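A.B. asks: Could you have a look at this structure, given as structure tokens, before my questions?
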Amino acid sequence: MRDGRETMRKIEATEGLEARQSKIDGTGCFATVPFRKRRKIAELTGERVSRVEAARRMRSKERLHICAIDSYWGIDGSVGGNAAQFINHSCQPNSFVRIMHGRIIFFALRDIKAGEEITLDYIESYHSNEKRCDCGAAKCRGTINLIKK
Ligand SMILES: [Zn+2]
């Protein structure tokens, strides 16, 4: 972890989840209880920001905790958010996201055991398409964003 301040930040308690050191990248989000396939894991909480504001914040940060709701709005989990902000990208994830009434909700893609890191295929993130992926999955595609050819 390069940014020590990240650990100092107050994280909203989230039932069934905890933030701690990840083998994938920096801090990760881990299950403290099992989650059955298709069950809700958590909502991503934080500050609602516009695309313009998200772009501005991205310039000054190495790690992003902003997830898009639609083409305009996003949630910045680093502002008052819960452990879900630390859900790392994986090319073979164990969770998926549904946008419901402007809320970002994580669900289990398969049965998840307590202690497993929660991961999501970001597919299309605020990262540039050149951003390399180092998720360690057997089928890692090499980039965080899924680049459509
Ligand atoms: Zn990968």
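Every read-out reported here was derived from the displayed coordinates using simple, explicitly stated rules and does not represent laboratory data. Note that this is a predicted model, so its numbers are computed, not measured. Using ideal geometry, Cβ is built from the backbone for each residue, glycine included, and neighbour counts are taken over all protein chains shown.
A.B. asks: Taking segment 14-61, which residues are in contact with a Lys or Arg (Cβ under 7 Å, 6 or more places away or on another chain), of a type in the set (D, E, K, R) and assigned to a loop (DSSP other than H, G, I, E, B)?
C.D. replies: Of everything in segment 14-61, just one residue is in contact with a Lys or Arg (Cβ under 7 Å, 6 or more places away or on another chain), of a type in the set (D, E, K, R) and assigned to a loop (DSSP other than H, G, I, E, B), namely Lys37.
A.B. asks: While we're looking at this one, here's another question. Could you list, in sequence order, all residues of segment 90-105 that are crowded, with 18+ Cβ neighbours inside 10 Å, more than 25 Å from Arg59 (Cβ to Cβ) and away from the ligand (no atom under 14 Å from the Cβ)?
C.D. replies: Ser95
A.B. asks: Here is a further query. Out of Ile87, Ile41, which single residue is surrounded by 14 or more Cβ atoms within 10 Å (Cβ to Cβ), away from the ligand (no atom under 16 Å from the Cβ) and of a type outside the set (D, E, K, R)?
C.D. replies: Ile41
A.B. asks: Being closer than 13 Å to Ser90 by Cβ and out of contact with any strand residue (DSSP E or B) (no Cβ under 8 Å at 6 or more places or on another chain) is the filter; apply it to segment 106-149 and report the residue that is nearest to the ligand (Cβ to nearest atom).
C.D. replies: Going through the qualifying residues, I end up with Cys140.
A.B. asks: When you scan segment 107-125, do you find a residue that is polar (S, T, N, Q), exposed (fewer than 14 other Cβ atoms within 10 Å of the Cβ) and either assigned to a loop (DSSP other than H, G, I, E, B) or in contact with a helix residue (DSSP H, G or I) (Cβ under 6 Å, 6 or more places away or on another chain) (or both), even just one?
C.D. replies: No, segment 107-125 contains no residue that is polar (S, T, N, Q), exposed (fewer than 14 other Cβ atoms within 10 Å of the Cβ) and either assigned to a loop (DSSP other than H, G, I, E, B) or in contact with a helix residue (DSSP H, G or I) (Cβ under 6 Å, 6 or more places away or on another chain) (or both).
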